[in-house]
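Working notes, beginning with the structure itself.
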Amino acid sequence: MRITCPHCGERDSREFSYYGDAKTARGSDFASTYLRDNPVGDHAELWQHVMGCRAWLEVVRNVSTHEVISVKEAGQ
Amino acid sequence: MNYSVLDIFKQGLSGNRGWQPLWRSPAPKPSYDVVIIGGGGHGLATAYYLAKTHGVRNVAVLEKGYIGGGNVGRNTTIVRADYGQKGNSAFYSHSLKLWQGLSQELNFNVMFSPRGLLELCHSDGQMESFSRRANMILARGDAVEMLDRAGVQAYAPFLNFDSERFPIRGGLLQRTAGTARHDAVAWGYARGADRLGVDIVQNCEVTGFDITGGVVRGVETSRGAIKAAKVAICVAGRSSQVAAMAGIWLPIESHVLQAFVTEGLKPFINTVVNFGVGHFYISQSDKGGLVFGGDLDGYNSYAQRGGLGRMEHVAEAGMSMIPALGKARMLRSWGGIMDMSMDGSPIIDKTHIAGLYFNGGWCYGGFKAIPASGSAYAQLLATGATPDYASAYRLSRFETGHLINEEGTGARPGLH
């Protein structure tokens, strides 16, 4: 799996660290901490380019095929 | 028919032409007392114990694919009871006891082989932490022992005792742990349940629930609507999707875990070794293949196949602890989808919808749990309450704070 970092270009996914679902607010502290949509198909998620520019990225990825659909800086 | 040595002898003389299929393939009836969604190990075991222990025989097991085609056929077959946390320890202890008599119980050889499980320690701190866990296991009455370095060397001489980075300091050994034949477990429970009257319906996908007024009335399936007084969800790898059809939001993320097997070799590894610090574990199958694996790939996935990065990491960890592994050729690799709960422990509970029950979130510990999970889930379905050994696996524990977090890593499933 390869992810195209907006700052560093296309890199192997091993350079990145995974956080999980990009949707971090779910209405209550309990839901935000513990509940997940966990969809099949496209999933917006947070990755950090820890072995590169260290930016947090929001990646849309198909979790059934591992195809990376879009990458942007998180919070943009 | 009941299998016996005499049968095998008679069938051998008559060219093995008299064997019958292990279970029927009935069309689904319009209505059942209990419908179990998912014909994996847990679903089949639940059906078996419902019929056997509780006399509930008007039961259907609905399987989207075929029996043995899901995670029950994709795991590395390890059975152990080395958990320390309250809630987990009694459960896995009970499961191991059921494994010991399972072949006799089912009249089907599940090839349970208590060949031992060794967890390696590499530092004084790790020795102390494992000794604490060993004491907890001893205190609840199960067998375990701590080995020093010389003890590990005598028990598993094939390990790398010259490693500078991960010097072997000792290990936790559970001699009663081991492996079993995964397909046989599915087939044995399926045959046992079928013989007691349970309908096992394959190629039958559940597409929706019939819920009115907060009470479940049945399920919609690819083979028509089926009414049921009780519906039991038991679908490892698809828990979130099935629960979502009933409007239930789960504390679960699905991740992929890879496993690998080499070509068949002569007997070489006579136990199960867990090199936890390196995220590597290994055993040797009865066919001779070395079966090994490591950690999750680390990101959400439903792909049933993993990335090369994790494969490389597992190979490196394996080579560092068992250098001889480099002589073997890898035959194949595969991935299974793990429904990772937010504390690393499973859920067996009622839901807020009357008559709808949930069993899932087994992370990567589902195989060894099959007998106890089936027996606990069956008791919940039949009587409305789980037995003591499974009573901590509540769906509400995430809200009430009664987490069972064996690894102490918080709500990060990728780290469990």
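The values are calculated or read from the model by the stated rules, or taken from the named source; none is laboratory data. Keep in mind the model is a prediction, meaning the values are calculated, not measured. Quick reminder, even Gly has a Cβ in these numbers, built from the backbone with ideal geometry, and neighbours come from all protein chains shown. When the accessible area is computed, the model is the full protein with side chains, heavy atoms only, and any ligands, DNA or RNA have been set aside. Shrake-Rupley method; radii C 1.70, N 1.55, O 1.52, S 1.80 Å.
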**OP:** Can you spot the lysines whose alpha carbon is less than 20 Å from A:LYS23's alpha carbon? Ignore those fewer than 8 places along the same chain.
**Re:** A:LYS72
**OP:** Please calculate how many Å² of accessible area the range B:1-120 carries per residue, with a 1.4 Å probe and no DNA, RNA or ligand atoms counted.
**Re:** 45 Å²
Original post:
Whose amide H sits under 5 Å from the amide H of B:THR221, counting only residues 5 or more places off or on another chain, with H placed in the peptide plane?
Top reply: B:THR207, B:ILE226
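Counting other Cβ atoms within 10 Å, which chymotrypsin sites (Phe, Trp or Tyr not before Pro) in the range B:44-153 have at most 12 and lie in a DSSP loop? Walk me through the intermediate numbers first.
Values: sites: B:TYR48, B:TYR49, B:TYR66, B:TYR83, B:PHE91, B:TYR92, B:TRP99, B:PHE108, B:PHE112, B:PHE130; in loops: B:TYR66, B:TYR83, B:PHE108, B:PHE112.
In loop regions of the range B:44-153 (DSSP not H, G, I, E or B), the sparsely surrounded chymotrypsin sites (Phe, Trp or Tyr not before Pro) are B:TYR66.
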Original post:
If only Cα atoms are counted, what is the Rg of the range A:2-73, and what is its Dmax, in Å?
Top reply: 12.7, 37
Subject >> Accessible solvent surface per residue of the range B:142-280, calculated while the other protein chains remain in place, 1.4 angstrom probe, Å² >> reply: 38 Å²
Original post:
Given springs between every Cα pair under 10 Å in a Gaussian network model of chain B, which of B:ALA47, B:ALA60, B:ALA317 has the largest fluctuation?
Top reply: B:ALA317
**OP:** Could you state how much accessible area is buried at the A-B interface, both sides summed, with a 1.4 Å probe, in Å² to the nearest 100?
**Re:** 2200 Å²
Original post:
For the protein assembly as shown, what % of the accessible area comes from carbon and sulfur atoms, probe 1.4 Å?
Top reply: 51 percent
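Take the Cα gyration tensor of the protein assembly as shown, multiply each eigenvalue by 5, square-root it, and list the three semi-axes largest first, rounded to whole angstrom. Each step should come with its number before you reach the end.
On the way: eigenvalues 236, 197, 96 Å².
Semi-axes (√(5λ), whole Å): 34, 31, 22.
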**OP:** Mind telling me which of B:ALA246, B:ALA193, B:ALA90 comes out most flexible in a GNM of chain B, alpha-carbon contacts under 10 Å?
**Re:** B:ALA246
Original post:
How many angstrom separate the Cα center of the range B:190-207 from the Cα center of the range A:44-76?
Top reply: 42 Å
**OP:** Taking the Cα centre of chain B as origin, work out the dipole magnitude from +1 charges on Lys and Arg Cβ and -1 charges on Asp and Glu Cβ, in debye rounded to 20.
**Re:** 1040 debye
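Under the definition of Cα pairs under 8 Å and six or more residues apart, what whole-number percent is the relative contact order of chain B? Intermediate results must be reported in sequence, preceding the final value.
Working: 923 pairs, mean separation 93.0, N = 416.
Relative contact order comes out at 22 percent.
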**OP:** Return the sequence-ordered ³J(HN,Hα) values of the range B:184-189 in whole Hz as given by the Karplus equation 6.51 cos²θ - 1.76 cosθ + 1.60 applied to θ = phi - 60°, using x for Gly and Pro.
**Re:** 4, 5, 5, 5, x, 5
**OP:** Give the angle, between 0 and 90 degrees and rounded to the nearest 10, that separates the Cα long axis of helix B:308-321 from the longest principal axis of the Cα atoms of chain B.
**Re:** 50 degrees
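Of the DSSP beta bridges with both residues in chain B, give the percent that are antiparallel, rounding to the nearest 5. Don't jump to the answer; show the numbers that get you there.
Values: 50 of 70 bridges.
About 70 percent, rounded to the nearest 5.
Per residue, how big is the convex hull of the range B:307-395 when only Cα atoms are used? Give it in Å³. Don't skip to the answer; put the middle values down first.
Values: hull volume 13.4 nm³, N = 89.
Measuring per residue, one finds 150 Å³ for the Cα hull of the range B:307-395.
With a ≥ b ≥ c taken as the square roots of the eigenvalues of the C-alpha gyration tensor of chain B, please select rounded if a/c is under 1.5 and otherwise prolate if a/b is larger than b/c or oblate if it is not?
The shape class here is prolate.
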**OP:** Calculate the length of the line joining the C-alpha centroid of the range B:371-416 to that of the range B:259-309, in whole Å.
**Re:** 27 Å
Original post:
How many angstrom separate the Cα center of the range B:1-68 from the Cα center of the range B:91-136?
Top reply: 28 Å
Subject >> Kirkwood hydrodynamic radius of the range B:139-283, Cα pairs, Å >> reply: 20.5 Å
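Ignoring ligands, DNA and RNA, what accessible area per residue does chain A give at 1.4 Å, in Å²?
I get 50 Å² per residue for this part.
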Subject >> Using θ = phi - 60° and Karplus 6.51 cos²θ - 1.76 cosθ + 1.60, couplings along the range B:138-152 (whole Hz; Gly, Pro as x) >> reply: 5, 5, 8, x, 9, 7, 6, 8, 9, 9, 8, 4, 5, x, 5
Original post:
Which residues of the range A:19-39 show a drop of at least 40 Å² in accessible area when all protein chains are present, compared with their chain alone (probe radius 1.4 Å, heavy atoms only, ligands and nucleic acids excluded)?
Top reply: A:TYR19, A:PHE30, A:TYR34, A:LEU35, A:ARG36, A:ASN38
Original post:
Which cross-chain or sequence-distant (5 or more) residues have an amide H under 5 Å from the amide H of B:GLN284, H modelled 1.01 Å from N in plane?
Top reply: B:THR271, B:VAL291
Original post:
Can you list the residues, at least 5 places off or on another chain, whose amide H is less than 5 Å from the amide H of B:TYR393, using H built in the peptide plane?
Top reply: B:ILE348
Subject >> Pairs from B:LYS52/B:LYS227; B:LYS29/B:LYS97; B:LYS97/B:LYS230; B:LYS10/B:LYS266; B:LYS52/B:LYS350 whose Cα-Cα separation, in the structure shown, is over 27 Å >> reply: B:LYS29/B:LYS97; B:LYS97/B:LYS230; B:LYS10/B:LYS266
**OP:** Using θ = phi - 60° and the Karplus relation 6.51 cos²θ - 1.76 cosθ + 1.60, list the HN-Hα couplings for the range B:364-372 in order, rounded to whole Hz, with x at every Gly or Pro.
**Re:** 9, x, x, 5, 5, 8, 3, x, 6
